[in-house]
Amino acid sequence: MAVLAKKLQPAKTAAIEETRKILSGYEDFIFADYRGLTVEQITKLRHSLREKNAQLKVFKNNFARVAFDEMKIDAVSEYLKGPTAIAMVKEDANEVAKILFDFKKEAPSLDVKGAWVEKEVYDQAKIEAFSKLPGKKQLIAMLMSAINGPARQLAATLQAYVEKKGGAGADAAEAAPAAEEAKAEAPTA
């Protein structure tokens, strides 16, 4: 729980409100220690996250703690210690976590502390395991492929059957109109 002074300065109140507004626009949050990263590395990481509709931002820990408390997310205060960057995610948090852990391979000083995903606190091990899962869109594509596979196989089987029968049936189908034409042309007695 955040400690609030009895009388807050108006500038701090405004900063806390601005922090709360920004944070409330996102569903999930991943907390990372960015100490040791260069400006170029942070810029590259931010660009990668923007492609996934996520944002990396640094807030004052106390302001973020108060904002999370106001949003009824007080379980994340343990991650708001020391230099902390917050990756704010609107959808597919595991893809953003994957970006962070992949980035950690080229910049080992990045340390993912934990996360708030789907209204649940994830520690470092759990968020790392979560990052290895396929994203929601990938899962839907896999499901559709699994559903579409048998239908495609049935269609191919039916097509092969039609072509097999169609070879004999096509000759018979062509012969039938020719036979009827011959009957129509034949003199009737």
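Evaluate E = 1/(1 + (r/R0)^6) for ASN148 and ASP74, where r is the Cβ-Cβ distance and R0 equals 41 Å; express this FRET efficiency to the nearest 0.05. The calculated FRET efficiency here is 0.35.
When the solvent-accessible area of segment 1-126 is split by element, carbon and sulfur atoms take up 51 percent of it, the probe being 1.4 Å. If you plug the beta carbon distance of GLU91 and GLU163 into 1/(1 + (r/R0)^6) with R0 = 41 Å, you get a FRET efficiency near 0.35. Working from Cα pairs under 8 Å separated by at least six residues, relative contact order for segment 1-95 is 47 percent.
For segment 39-144, the list of trypsin sites (Lys or Arg not before Pro) that fall in a loop by DSSP and count at most 10 other C-beta atoms within 10 angstrom reads LYS72, LYS119, LYS132. Remark: segment 1-95 carries 58 Å² of accessible area per residue (probe radius 1.4 Å; ligands, DNA and RNA excluded).
Simple spin-label estimate for LYS126 and ALA107 gives 2.7 nm between the two label positions (7 Å along the Cα-to-Cβ direction from each Cα). Which entries of LYS60/LYS136; LYS44/LYS90; LYS21/LYS98; LYS52/LYS105; LYS57/LYS137; LYS21/LYS132 show an alpha-carbon separation above 23 angstrom in the structure shown? Pairs exceeding 23 Å: LYS60/LYS136; LYS21/LYS98; LYS57/LYS137; LYS21/LYS132.
The values are calculated or read from the model by the stated rules, or taken from the named source; none is laboratory data. Here the structure is a predicted model, which means the values were calculated and not measured. As a convention, Cβ positions derive from the backbone with ideal geometry for all residues, glycine included, and neighbour counts pool all protein chains shown. Keep in mind that these areas ignore ligands, DNA and RNA; they rest on the heavy atoms of the full protein, side chains included. Shrake-Rupley method; radii C 1.70, N 1.55, O 1.52, S 1.80 Å.
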